[in-house]
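Asker: Sharing a structure here in structure tokens format.
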Amino acid sequence: MNLRDTAEEASFRAELRAWLAEVVPALPPKPPPHDWPARRAYDTGWQRMLFDAGYAGVDWPLEGGGRGASPAEELIFKEELERAHAPYVGVNFVGLLHAGPTIIAEGTPEQRRRYLPPILRGDEVWCQGFSEPDAGSDLAALRTRAVRDGDDYVVTGSKIWTSHAEVADFCELLVRTGPEDSRHRGITWLILPMGAPGVEVRPLATIAGSTEFAELFLDGVRVPAANRVGKENDGWRVTMVTLSFERGTAFVGDLLEANELLGSLVELVRRTGAWSDAGLRRSVGHLRAELDGLWALTRRNVSQAARTGVPGPGGTFFKLSYTEARSRLGDLCLEVLGRAGLAAQDLEGADGRGPLPSATMVEDWLRGISLTIAAGTSQIQRNIVAERILGLPKEPVAAGSAAATK
Ligand SMILES: Cc1cc2nc3c(=O)[nH]c(=O)nc-3n(C[C@H](O)[C@H](O)[C@H](O)COP(=O)(O)OP(=O)(O)OC[C@H]3O[C@@H](n4cnc5c(N)ncnc54)[C@H](O)[C@@H]3O)c2cc1C
């Protein structure tokens, strides 16, 4: 990949920058973090603006309703959005970053026609129903059952940690269609309409007080067989495609946010006089270098995804390294905040120069921890790097259990 903008890329960047300079300052204020219907309206409203301006699905192929941009343009798009402090994908995360890309890669032409345009327009929001109370890291242990009945599957079971389920229209749902002990050979990937009779969403509160998660209870829910993505019992392969997007490319916008957080940390370090601490300077410099290295890895992963249609195992390495670096960045912010790091609001600084960014930094610290768990924990990513990238021997499987896979 050429690291300098070509004439065409420079013109794409300039046009996008001008558009963002016009629209971002005129956006309404962000809704309160715990008001999910208002957040849905805000995030989907922003998505609609991108769509109307021709910037929705920049990296999606033209047949998927996207712009069909090159990897370089996709990264320019992300860089410019970060530069302009534009909103992030928010509740559109699953639809735009992994359910939509999975349907592009694995869906039928009818599924692509039906589901992709509303995601790009911000009309429909998706959530992910993979994890279950006894199937997180060991996702192949999932038990939610789907039985074929005529043209439908009848689904019964429960899911947990379903982000944004409260405001979602559809769910990428993993169900067991094979025998109980069929593990990864008996899983099917379904599109579940969240409004179907028998779907119950019970919100869960996080440590930060947000109800971004929910439990999902499914009681005899009829899902048309036409909503199956891939073949029956071939859902594990489709899941690997979804996870490769979730780990490989979905965190890119997040990395750009981490750059912003590092900038705020440097400002805070200067303001508090902690810059004189050589150890702290070294830690900040180290993180700067790590984030730069991760941006280079992102370029590689995005180029690979553009060549092959899906991100490769580099995505696992990226997810592991990025979320661990992000978590250390959160720790460093708290260290510099000192006692203010115990607060959930912006506290007035002792220097009389206005509030310290304690609320944002504390929230970000908690988020940093959760990112090392979401989309598969760090331990699981290490297992995958060891076994699938480095070719080390597989971890021993105890009788009655199985190797963790998510
Ligand atoms: C912010 C966030 C958003 C999420 N959103 C969703 C969502 O929308 N949809 C969804 O389906 N799920 C979602 N999840 C759930 C997430 O995928 C699971 O939490 C994750 O896969 C871990 O599963 P678990 O919580 O059951 O932990 P467990 O699997 O019970 O793991 C517990 C601990 O044991 C370790 N462990 C387990 N097996 C091994 C092993 N073989 N080797 C070494 N260590 C091991 C783990 O690393 C972890 O530290 C989300 C989670 C978070 C934090």
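The values are calculated or read from the model by the stated rules, or taken from the named source; none is laboratory data. Source: prediction; values computed, not measured. With ideal geometry, Cβ positions are generated from the backbone for all residues, glycine too; neighbour counts draw on all protein chains shown. Calculation scope for accessible area: heavy atoms of the full protein, side chains included, ligands and nucleic acids excluded. Shrake-Rupley method; radii C 1.70, N 1.55, O 1.52, S 1.80 Å.
Asker: Could you grab the pairs with beta carbons closer than 8 Å, sequence gap of 6+ or different chains, first residue in the stretch 370-395 and more than 13 Å from Phe317 (Cβ to Cβ) and away from the ligand (no atom under 12 Å from the Cβ), second one open to solvent by less than 30 Å² (accessible area, probe 1.4 Å) and not acidic (Asp, Glu)?
Answerer: Final answer for the pair search is Leu392/Ala386.
Asker: Of these, Ser321, Ser303, which one is part of a helix (DSSP H, G or I) and in contact (Cβ under 8 Å) with a residue 40 or more places away in the chain?
Answerer: The match here is Ser303.
Asker: While we're looking at this one, here's another question. Say whether the condition of being without any contact (Cβ under 8 Å) to a residue 60 or more places away in the chain, within 30 Å of Gly68 (Cα to Cα), away from the ligand (no atom under 11 Å from the Cβ) and among the acidic types (Asp, Glu) is met by at least one residue in the stretch 99-112.
Answerer: There is no residue in the stretch 99-112 that is without any contact (Cβ under 8 Å) to a residue 60 or more places away in the chain, within 30 Å of Gly68 (Cα to Cα), away from the ligand (no atom under 11 Å from the Cβ) and among the acidic types (Asp, Glu).
Asker: May I pose another question? What pairs come out if I take residues in the stretch 235-250 that are over 19 Å from Ile191 (Cα atoms) and pair them with residues that are open to solvent by 20 Å² or more (accessible area, probe 1.4 Å) and not small (Gly, Ala, Ser) whose C-beta lies under 6 Å away, six or more apart or interchain?
Answerer: Filtered contacts from the stretch 235-250: Ala250/Leu97.
Asker: Test Leu96 against the stated conditions and say whether it is in a strand (DSSP E or B) and either open to solvent by less than 40 Å² (accessible area, probe 1.4 Å) or more than 30 Å from Gly57 (Cβ to Cβ) (or both).
Answerer: No, not satisfied.
Asker: Something else: Given (1) over 19 Å from the mean Cα position of the chain (by Cα); (2) buried (at least 18 other Cβ atoms within 10 Å of the Cβ), identify the lone condition not met by Gly68.
Answerer: (2)
Asker: Among the candidates Tyr115, Tyr55, which residue alone is more than 22 Å from Leu16 (Cβ to Cβ), of a type in the set (Phe, Trp, Tyr) and over 16 Å from the mean Cα position of the chain (by Cα)?
Answerer: Exactly one of Tyr115, Tyr55 is more than 22 Å from Leu16 (Cβ to Cβ), of a type in the set (Phe, Trp, Tyr) and over 16 Å from the mean Cα position of the chain (by Cα), namely Tyr115.
Asker: I'd like to check something: does the stretch 260-271 contain any residue that is at pLDDT below 90 and assigned to a helix (DSSP H, G or I)?
Answerer: Yes, the stretch 260-271 has at least one match.
Asker: Can you pull out the residues in the stretch 357-369 that are within 16 Å of the ligand (Cβ to nearest atom) and either within 19 Å of Val94 (Cβ to Cβ) or in contact (Cβ under 8 Å) with a residue 40 or more places away in the chain (or both)?
Answerer: Correct list: Glu363, Asp364, Leu366, Arg367, Gly368, Ile369.
Asker: Based on this model, can you work out whether Gly376 counts as crowded, with 20+ Cβ neighbours inside 10 Å, outside any helix (DSSP H, G or I) and not aliphatic (A, V, I, L, M)?
Answerer: Spelling it out, Gly376 is indeed crowded, with 20+ Cβ neighbours inside 10 Å, outside any helix (DSSP H, G or I) and not aliphatic (A, V, I, L, M).
Results for (1) open to solvent by 20 Å² or more (accessible area, probe 1.4 Å); (2) away from the ligand (no atom under 16 Å from the Cβ), shown as yes or no for each residue.
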position	(1), (2)
Ala305	no, yes
Phe318	no, yes
Glu324	yes, no
Gly330	no, no
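Asker: While we're looking at this one, here's another question. Could you please give the count of residues in the stretch 259-277 that are open to solvent by less than 50 Å² (accessible area, probe 1.4 Å) and free of Cβ contacts under 8 Å to residues at least 60 places away in the same chain?
Answerer: 3
Asker: Can you say whether Leu371 is open to solvent by 70 Å² or more (accessible area, probe 1.4 Å) and among the hydrophobic types (A, V, I, L, M, F, W, C), as far as the supplied structure shows?
Answerer: no
Asker: Could you check how many residues of the stretch 10-22 are farther than 13 Å from Arg83 by Cα, open to solvent by less than 80 Å² (accessible area, probe 1.4 Å) and without any contact (Cβ under 8 Å) to a residue 60 or more places away in the chain?
Answerer: Of the residues in that region, 2 qualify.
Asker: Considering only the stretch 335-356, state which residues are open to solvent by less than 40 Å² (accessible area, probe 1.4 Å), touching a residue at least 12 places away in the same chain (Cβ under 8 Å) and not in a helix (DSSP H, G or I).
Answerer: Ala343, Gly349, Leu356 - these are the residues of the stretch 335-356 that are open to solvent by less than 40 Å² (accessible area, probe 1.4 Å), touching a residue at least 12 places away in the same chain (Cβ under 8 Å) and not in a helix (DSSP H, G or I).
Asker: Consider Ser210 against the criteria (1) touching a Ser or Thr at 6+ places or on another chain (Cβ under 8 Å); (2) within 27 Å of Ile369 (Cα to Cα): it satisfies all of them except one. Which criterion is unmet?
Answerer: (1)
Asker: Let me ask something additional. Looking only at strands (runs of 3 or more DSSP E) that lie completely in the stretch 119-236, which have at least 2 residues being open to solvent by less than 20 Å² (accessible area, probe 1.4 Å) and within 16 Å of the ligand (Cβ to nearest atom)?
Answerer: Where strands (runs of 3 or more DSSP E) fall fully within the stretch 119-236 and carry at least 2 residues being open to solvent by less than 20 Å² (accessible area, probe 1.4 Å) and within 16 Å of the ligand (Cβ to nearest atom), they are 126-129, 152-159, 170-176, 187-193, 213-224.
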